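Asks: Before I ask anything, let me first share the structure, which is written out below as structure tokens.
The values are calculated or read from the model by the stated rules, or taken from the named source; none is laboratory data. Since the structure is predicted, the reported quantities are computational estimates derived from the model, not experimental observations. Heads up, the Cβs are rebuilt from the backbone with ideal geometry, glycines too, and the neighbour counts pull from every protein chain shown. Calculation scope for accessible area: heavy atoms of the full protein, side chains included, ligands and nucleic acids excluded. Shrake-Rupley method; radii C 1.70, N 1.55, O 1.52, S 1.80 Å.
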Amino acid sequence: MKIRLFAVAALAVMALSAFGQGPKASAEVMLASIQAIKQPEFDEAKKDDKAYVQQYMKDYNDANTKRSDMIFAFYKEYPAHEQTPAMMTQRWSGMPPTPAAIAEIDAVLAAAPSPKLVETATFFRARYGISTARGDSAQATAAAEMFTKKYPQDPRGAGLLSSVAETLKEKDDKLAMYERVVREYPTAPGAKYAPGKIKMIKGLGQPFELNFTDAITGQKRTMADFKGKVVVIDFWATWCGPCIADLPKVQKMYSEMKDQGVEIISISLDHAEDKGGLKKLKDFVAANPMPWAHYYQGAFWDGEFSKGWGVNSIPALFLVDQNGVLVDVQARSNLEDRIKALLKK
């Protein structure tokens, strides 16, 4: 009982210190209190209860805000502590690139309390700079290179350059940037999808290859089965909210255009079979009319086919024309108009 009371008292001291209302707490006590803040667990059984979901989101955001505030308090007390870079990484990862957030990072860079924290702050300054470039490729590139030139061995540079590549409008510029990512950061986590992005860019205008076993019927399928059809390649998952939100639109399009020569192949990014992914897919298809082909990869984001095409966000829709040629890798917007244009050819 005495030990428990001591722990409660220690947390109380930290909380008071964090807001300037008490004596300075030790770094260990402050860190323990930060780690003690847990996000609420979501009860899937109540996912359709709007009041519950609203309260959950409030509690979730409140926990994040409290944790972030306490991390900043820790930084103010212990700017050079060895754990401060990791703590500030948590704080900055959850903050939008507002002027206030950028000013905070600039203040940390000016203070330069430790080399590691300077490196961390420089990374987030670059990331925020890319976000606020608003499609200005030159500005985004300059922001990324603020970090990559100073820390060329840091693998986080791969993620920054990949983000810049997404802002580039010219095909050759985009390709060159992804090739740079692969060349300079071959093993970095941020380069994971770069080879697939290169394949995506080079694959436009080329025959699209796919061989799979339909997860619902067990039938072996190849693209030859769809010759003469416009084929929508739909990367999705049962856990993907935007995918489910788009489904009625896709179903409507299919029912209206199937007889005109349109088919769909859904590429599932659901979890592995031993985690229930295949069952969820089959149950979902049984409950929702999706009378088209289904390729279950069973590897979440690491599906060989989807990763091989650089798919790192879903829903993602490709279009293959009647000759089996990949003609579009960003078909989600104005899908029907894009399909109609192909049907007229």
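Asks: Relative to the first principal axis of the alpha-carbon coordinates of the chain, what is the inclination of helix 277-287, with its axis defined by its Cα atoms, in degrees from 0 to 90 and to the nearest 10?
Replies: 60 degrees
Asks: Here's something else I'd like to know. Taking a probe of 1.4 Å, how large is the accessible area per residue of segment 194-320, in Å²?
Replies: That works out to 46 Å² for each residue.
Asks: Assign one of three labels to segment 209-262, namely rounded, prolate or oblate, based on the Cα gyration tensor with a ≥ b ≥ c the square roots of its eigenvalues; rounded applies when a/c is under 1.5, prolate when it is not and a/b is larger than b/c, and oblate otherwise.
Replies: oblate
Asks: Further question: Ignoring ligands, DNA and RNA, what accessible area per residue does segment 113-180 give at 1.4 Å, in Å²?
Replies: 47 Å²
Asks: What distance in nm lies between label points placed 7 Å from Cα along the C-beta direction at residue 211 and residue 58?
Replies: 5.7 nm
Asks: Of all beta bridges DSSP finds with both residues in segment 149-272, what is the antiparallel percent, to the nearest 5?
Replies: Approximately 30 percent, going by the DSSP bridge assignments.
Asks: I would also like to ask the following. If N is the number of residues in segment 16-170, what value comes out of its Cα radius of gyration divided by 2.2 N^0.38 Å?
Replies: 1.22
Asks: Pull up the DSSP beta bridges for segment 216-345 and report the antiparallel fraction as a percent, rounded to 5.
Replies: Around 40 percent antiparallel, to the nearest 5.
Asks: While we're here: What part of the accessible area of the chain, given as a whole %, is carbon or sulfur when the probe is 1.4 angstrom?
Replies: 55 percent
Asks: Here is a further query. Using the Karplus curve 6.51 cos²θ - 1.76 cosθ + 1.60 with θ = phi - 60°, what ³J(HN,Hα) values do you get for each residue of segment 168-184, in whole Hz, with x for Gly and Pro?
Replies: 6, 8, 7, 4, 5, 5, 4, 4, 4, 5, 5, 5, 5, 4, 5, 5, 8
Asks: Please give me the summed charge of the neighbours of residue 112: other residues whose Cβ is under 15 Å from its Cβ, Lys and Arg +1, Asp and Glu -1.
Replies: 0
Asks: Of the candidates 58, 47, 280, which one comes out as most mobile in a Gaussian network treatment of the chain with C-alpha springs shorter than 10 Å?
Replies: Looking only at 58, 47, 280, the largest GNM fluctuation is found for 47.
Asks: Just to check I understand the Karplus step: with θ = phi - 60° and J = 6.51 cos²θ - 1.76 cosθ + 1.60, what whole-Hz values come out for segment 100-108, glycine and proline as x?
Replies: 5, 5, 5, 5, 4, 5, 4, 5, 5
Asks: Also: Among bridges DSSP assigns within the chain, what percent are antiparallel (round to 5)?
Replies: Around 50 percent of the beta bridges assigned by DSSP in the chain are antiparallel ones.
Asks: Could I ask something else about it? Amide H to amide H, which residues 5 or more places from residue 328 or on other chains are under 5 Å from it, using H placed in the peptide plane?
Replies: Sorted by chain and number, the residues that satisfy this are 319.
Asks: Below 10 angstrom from the Cβ of residue 321, what's the summed charge of the other residues (Lys, Arg +1; Asp, Glu -1)?
Replies: Every neighbour counted, the sum reads +1.
Asks: Given only helices, namely DSSP H runs of n ≥ 4 each adding -39500 (n - 2.57), what is the per-residue ellipticity at 222 nm of the chain, to the nearest 500 deg cm²/dmol?
Replies: -17000 deg cm²/dmol
Asks: GNM, the chain, Cα, under 10 Å: largest mean-square fluctuation among 76, 46, 282?
Replies: 46
Asks: Which of the following values of Rg and Dmax of the Cα atoms in Å was calculated from the structure shown: (1) 18.7, 59; (2) 24.7, 81; (3) 20.4, 70?
Replies: (2)
Asks: In sequence order, what are the phi-derived ³J(HN,Hα) couplings for segment 293-308 according to the Karplus relation 6.51 cos²θ - 1.76 cosθ + 1.60 with θ = phi - 60°, rounded to whole Hz, with x for glycine and proline?
Replies: 6, 10, 9, 9, 7, x, 9, 6, 6, 9, x, 4, 6, 5, 5, x
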